[in-house]
Amino acid sequence: VSEREQILEELRAADKLLLTTHENPDGDALGSLLAMHEILRLMGKDSVMFMAANQFPLPHEYRYLPFEEVVHDPPGDVDQRTVVFLDCGNLDRMPVDFLRKAGTHILNIDHHHDNTRFGTVNLVDPEASCTAEILYSLAQELGVEITVPIAEALYVALVTDTGKFMFENTTPAAHRMAAELLETGVEAQRVHRHLYEGLPFSRLRLLARALANVTRYEDAGITLTHLSQEDFAAAEATEADSEGIVDHMRSVEDTAVAALVRELLEPEKAGQRKVSLRATDGRVDVSRIARGLGGGGHRQAAGFTTDLPMPELVERLRAEVGEQLVPAG
Ligand code: AMP
Ligand code: MN
Ligand code: MN
């Protein structure tokens, strides 16, 4: 039996489910969560969405999404629930103890090629543009009608994970899915306005500081910027305000790899930096670099958290990107 058949069978058979996703959720994480919740509800299931309380408030662009029903604590009957992980490549991205207990029955639905297959049943499709694309096909196979709320949640995931249909994961299937969702009744312009307009001014102030801090390492084709705690303070910005900054690095000529290095702001994470890497084409696999430093991701978009000091970190990135650009031998 294929993994896909197993997942379909599990979803048909389960009565009570608990859905969750990775920490610092992005559009695919949130859209997939909402879509799956709604799909299961239409199937008559008892579905609960879980996200830890410290993940709220959500980044500004996602606050309009209907998350009124999400819970922040395990429900009393959690041991009887099938746990569904969406868009989460490994369990380190969900630092919540009750979900990591041995014996938890986990359905792992994801599109990261480096997914560690931590589930009891795993459906990992690296060809899918986003996790929501997998859910879309599962819903059709389960005979669930794609309602407007489901279509809107799926569309948010699709448009954000493909970088507005610009990244390499923008396949014909992704465009077909978009077209079908629009036919269902998604108003693309309204969604885009929520996601990309009306953002806090602090974003622009933080971007200005990031642009002022750019360094180019021409030997390795790296365009990198750094945001310190002082930068965040001066811009009166939150960590979520750094979303999208790395894409500005990526748009510069002769860039093989774009990087954003930002200091974490939580007091207990002092000294740690979050690194976002983006490759502009197929020459460099940034997920390999991220995995070597305790993170992961996709070939052209990956991330990790490190306590390496800035000079060592930059040296490591230059060496690893350089090595991939000019293969030894
Ligand atoms: P980001 O740079 O945070 O936007 O993340 C880009 C991609 O890398 C996403 O697809 C994430 O799934 C992945 N990623 C980011 N941080 C981590 C991490 N600490 N561990 C594993 N994957 C990560
Ligand atoms: Mn994600
Ligand atoms: Mn995703």
**Message:** Given the criterion among the polar types (S, T, N, Q) and over 22 Å from Glu38 (Cα atoms), identify the matching residue among Asn108, Asn122, Asn90.
**Reply:** Asn90
**Message:** So, in region 123-153, how many residues would count as being farther than 14 Å from Val186 by Cα and either in contact (Cβ under 8 Å) with a residue 24 or more places away in the chain or not in a helix (DSSP H, G or I) (or both)?
**Reply:** 21
**Message:** Any residue at all in region 34-44 that's free of Cβ contacts under 8 Å to residues at least 12 places away in the same chain, among the basic types (Lys, Arg) and either under 17 Å from Asn122 (Cβ atoms) or more than 16 Å from ligand 2 (Cβ to nearest atom) (or both)?
**Reply:** yes
**Request:** Please work out which one of (1) exposed (fewer than 13 other Cβ atoms within 10 Å of the Cβ); (2) farther than 22 Å from Gly163 by Cβ; (3) of a type outside the set (Phe, Trp, Tyr) is the condition Gly198 fails and give its number.
**Result:** (2)
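Determine if region 66-75 includes at least one residue that is crowded, with 19+ Cβ neighbours inside 10 Å and away from ligand 1 (no atom under 14 Å from the Cβ). Don't jump to the end; show me each part of the working.
Quick first cut of region 66-75, residues crowded, with 19+ Cβ neighbours inside 10 Å only: 70.
Going one step further and asking which of them are away from ligand 1 (no atom under 14 Å from the Cβ), we end up with 70.
Within region 66-75, one or more residues are crowded, with 19+ Cβ neighbours inside 10 Å and away from ligand 1 (no atom under 14 Å from the Cβ).
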**Request:** Of the conditions (1) out of contact with any Ser or Thr (no Cβ under 9 Å at 6 or more places or on another chain); (2) within 15 Å of ligand 1 (Cβ to nearest atom), Gly322 clears all except one; give me its number.
**Result:** (2)
**Item:** Those residues of region 116-138 which are surrounded by fewer than 23 Cβ atoms within 10 Å (Cβ to Cβ) and either farther than 14 Å from His22 by Cα or within 11 Å of ligand 3 (Cβ to nearest atom) (or both), in sequence order
**Value:** Arg117, Thr120, Val121, Asn122, Val124, Asp125, Pro126, Glu127, Ser137, Leu138
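Since every read-out is calculated from the coordinates, none of them should be taken as a lab result. It should be emphasised that the depicted structure is a prediction, and the values quoted were computed from it without experimental measurement. We place every Cβ from the backbone using ideal geometry, glycine too, and count neighbours over all the protein chains shown.
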